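Presented below is the structure to which this report refers.
All of the numbers you see were taken from the coordinates with simple rules; none came from a lab. Note that this is a predicted model, so its numbers are computed, not measured. Every residue, glycine as well, gets a Cβ built from its backbone with ideal geometry; the counts of neighbours run over all protein chains shown.
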Amino acid sequence: MKPLRSLLAVILCALPLSGLAGAQLDEPLSEQSRALLHKAIIDSTSLQLAFGNEQEAQAWISAMSARLKKFVPDEFMRIYFLKSLHYEATRAGLDPQLVLGLIQVESGFKKYAISSVGARGYMQVMPFWTKKIGSPSDNLFDMQTNLRYGCTILRYYLNIEHGNLFRALGRYNGSLGQAQYPNMVVSAWKNRWSYAA
């Protein structure tokens, strides 16, 4: 199993501009869901980390930064990315380490990744989402925008799947009911990004 994970990591790092997003479905949204998702996307609350104190924040950032270094060599960008990711994940009620695992599988932390079906950026967000819940002018290659959309969409899928992570990840990837993608994300989350304070 270890050689398979190592091979997968090498493959993910070797993908320069392509993401692994599936054909995420453009499903109809109720007006209530559309309004709630739109509100989450346009929220302009300033970036704040959700930790008990500064020591906890620094410990998490330090631990995650060391693991992210091979994907994002520039320290300033790595720290900024981690702070942004932590903020967007926690505001959406997601485990930041889960989101790191998802990004590892989706784009290999490549900001400008584009999948064969047109999904964009770190979290491989499909462009139809900008028209449905944001603004068509939203730039999905902008880090903060991409993380905001991706986390909001994953939270939405978790809600409609009543907390079933396997099904929510399948929806996120457009592979509902298939085990490969959810298993890859959970494996990356547990094996590379797991964190205990």
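Remarks
- Converting phi to 3J(HN,Hα) with the Karplus coefficients 6.51, -1.76 and 1.60 and the offset θ = phi - 60°, the stretch 112-120 yields 9, 5, 10, 7, 5, 9, x, 5, 10 Hz in sequence order, with x at every glycine or proline.
- This ranking places 141, 71, 81 by how few other beta-carbon atoms lie within 10 Å of each, fewest first, which gives 141, 71, 81.
- For 39, 111, the sequence from fewest to most other C-beta atoms within 10 Å is 39, 111.
- In order along the stretch 149-166, the Karplus-derived 3J(HN,Hα) couplings, from 6.51 cos²θ - 1.76 cosθ + 1.60 at θ = phi - 60°, round to 4, x, 5, 5, 5, 4, 4, 4, 5, 5, 5, 6, 9, 6, x, 6, 4, 4 Hz, and Gly and Pro are given as x.
- The stretch 140-184 and the stretch 78-123 have Cα centres spaced 11 Å apart.
- Lysine pairs with alpha-carbon atoms under 23 Å apart, the stretch 50-144, spacing 8 or more or separate chains: 10
- With neighbour counts taken as other beta-carbon atoms within 10 Å, the residues 90, 145 rank, fewest first, as 90, 145.
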